[in-house]
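Novice: My structure is below; once you've seen it, I'll send some questions.
Every number here is computed from the coordinates shown, using simple stated rules; none is lab data. Because the structure is a prediction, the values reported are computed rather than measured. With ideal geometry, Cβ positions are generated from the backbone for all residues, glycine too; neighbour counts draw on all protein chains shown.
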Amino acid sequence: MKMPQRILSLSIALTLVVCSQAALLAQSADATKSIDAAVQPYVDRQELAGAVMLVADQEKTLSLSAVGFADIASQTPMKDDSIFWIASQSKPITAAALMMLVDEGKVKVDDPVEKYLPEFQGQMVVAEKDGEHVLLKKPVHPITVKNILSHTSGLPFASRIEQPTLDRLPLADRVRSYAMTPLEFEPDSKYQYSNAGINTAGRIIEVVTGKSFEAFLDERLFQPLGMTDATFWPSEEQVARIAKSYKPGPGGSGLEETTISQLHYPLSDKAERYPMPAGGLFAKASDIARFYQMLANEGELDGKRYLSKEAVAMMTSRQTPEELPTGYGFGLSVGGDQFGHGGAYSTNSYYNKKQGLVFVWLVQHAGFPGKGGDAQGAFRNEASKQFSK
């Protein structure tokens, strides 16, 4: 019996789709093998413990793989769902959360911070410093929301009461200590990387919404985006998936296990540890990729809008004054065709607009022996070679 022409055409079309998908999967698998092969030598030379590497376009993950070990001593392999302290990669997530309130008209980027946090009223700036003597003066203008999101506020990296760890104080207390600290320079006159500024942005979210910072992130970003392992407090199950941290061994040779000195242990302790908007999050590679895909799609993903196009444009374009050497947006390093952010223990992620690709590099290293620091470049170069359009 002869098959009707319409059914025959549909059958051929479906066959072509299946064959095309199979070809793409095979191509992706080959590309992933090439990426792994580019990074594996660093593991073999004991210059890198292990890494999780992800490449995605605006809609889908193109490659996700792991090399090396999450725990060298037990020879536990790194896995693609291993969890990492992403440190300052938390900053763009905090900035995105605040920009949601800008979209809603509840916050304006040019407003002084003191409008939302009255404790900043009357904050002074250092005019002169001579040994133990400090002369203060009134700043040209109070620090603004734009200043704290772009590291141009004059706030220090952290206040004295936060040392030696950065996660032992409630956010409200931490930010109050910043308000009591004189600015180190006139707002807008310099770029100075500041955890204090981004933490202050997180506190504005709490005051404006009446919700805790972590609850706002969970409701507005983590759950809707499917960032299922993004958290300030890893559960016991998540702690078991956290990659161990490493530093160069004695004499700069080999690898030695270490801890994250900026954080208080145990990591699951909600009584003694508090959320740190500037650098407290743990996550896996696919969590970070989802966030960057949302930004790559101008604030929208899977049919849901999270941020306006205008908000994303502000985040991902230069907000530091042109006369300053450093280009920084809102919570993001920007320059050339890309935007992204690194983290203290050598993690990194970014979106390259020209290539249309998201790159996520997750390791847990407080420094590298030998040429271990070149491993990220090997990943980037091979991934670009395999996937660039």
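Novice: One-quarter of the Cα convex hull surface for the range 94-209, in nm²?
Specialist: Quarter of the Cα hull surface area: 7.2 nm².
Novice: Using the count of nearby Cβ atoms within 10 Å as a rough guide to exposure, how do Lys146, Lys247 rank from fewest to most?
Specialist: Exposure proxy ranking, most exposed first: Lys247, Lys146.
Novice: Oh, and also: At a Förster radius of 45 Å, what calculated FRET efficiency corresponds to the Cβ-Cβ distance of Glu128 and Ser268, to the nearest 0.05?
Specialist: 0.45
Novice: Next question. Collect residues whose amide H, placed 1.01 Å from N in the peptide plane, falls under 5 Å from the amide H of Ile242; neighbours closer than 5 in sequence don't count.
Specialist: Ile83
Novice: Turning to a different aspect of this structure: Using a Cα-Cα cut-off of under 15 Å, which aspartates and glutamates could be cross-linked to Lys354, ignoring same-chain neighbours fewer than 8 residues away?
Specialist: Cα-Cα hits under 15 Å: Asp57, Glu298, Asp337.
Novice: Mind checking the full-extension length gain between Phe185 and Glu114? Use 0.36 nm per residue of separation minus the Cα-Cα distance, one decimal, nm.
Specialist: 23.8 nm
Novice: Fewest Cβ neighbours within 10 Å first, please rank His133, His264, His151, His141 accordingly.
Specialist: Fewest to most other Cβ atoms nearby, the residues stand as His133, His141, His264, His151.
Novice: Got the relative contact order for the chain handy, in percent, Cα pairs under 8 Å and 6 or more residues apart?
Specialist: Worked out over the chain, it gives 24 percent.
Novice: Continuing with the same structure: How high is the relative contact order of the range 29-165, in percent, with contacts defined as C-alpha pairs under 8 Å that are six or more residues apart?
Specialist: For the range 29-165, the relative contact order is 13 percent.
Novice: Another question, if that's okay. Only Cα pairs under 8 Å and at least 6 apart count here; give the relative contact order of the range 94-209 as a rounded whole percent.
Specialist: RCO, the range 94-209: 34 percent.
Novice: Where in the chain are the DSSP H helices whose C-alpha atoms run 15 Å or more along the long axis and whose mean Kyte hydropathy is at least -1.0?
Specialist: The answer, listed by residue number, is 5-44, 90-103, 195-209, 285-296, 375-387.
Novice: Then there is this: To make sure I understand the rule: partners must be lysines, Cα under 22 Å from the Cα of Lys244, and not fewer than 8 residues away in the same chain. Which ones qualify?
Specialist: Here the lysines satisfying the reach criterion relative to Lys244 are Lys79, Lys270, Lys284, Lys371.
Novice: What's the whole-number percent of alpha carbon pairs in the range 121-274 lying beyond 17 angstrom?
Specialist: Percent of Cα pairs beyond 17 Å in the range 121-274: 71.
Novice: Let me ask something else about it. If you rank Arg203, Arg273, Arg305, Arg168 by fewest surrounding Cβ atoms within 10 Å, what's the result?
Specialist: Arg305, Arg168, Arg273, Arg203
Novice: Could you calculate the contour length gain from Asp374 to Ala215, that is, 0.36 nm times the residue separation minus the distance between their Cα atoms, to one decimal place in nm?
Specialist: 53.5 nm
Novice: Suppose only helical runs count, i.e. DSSP H with n ≥ 4. What mean residue ellipticity at 222 nm does that imply for the chain under -39500 (n - 2.57) per run, divided by all residues and rounded to the nearest 500 deg cm²/dmol?
Specialist: Here the helix-only value at 222 nm equals -10000 deg cm²/dmol.
Novice: For the chain, what percent of Cα pairs sit more than 36 Å apart?
Specialist: Cα-Cα pairs of the chain separated by over 36 Å account for 28 percent.
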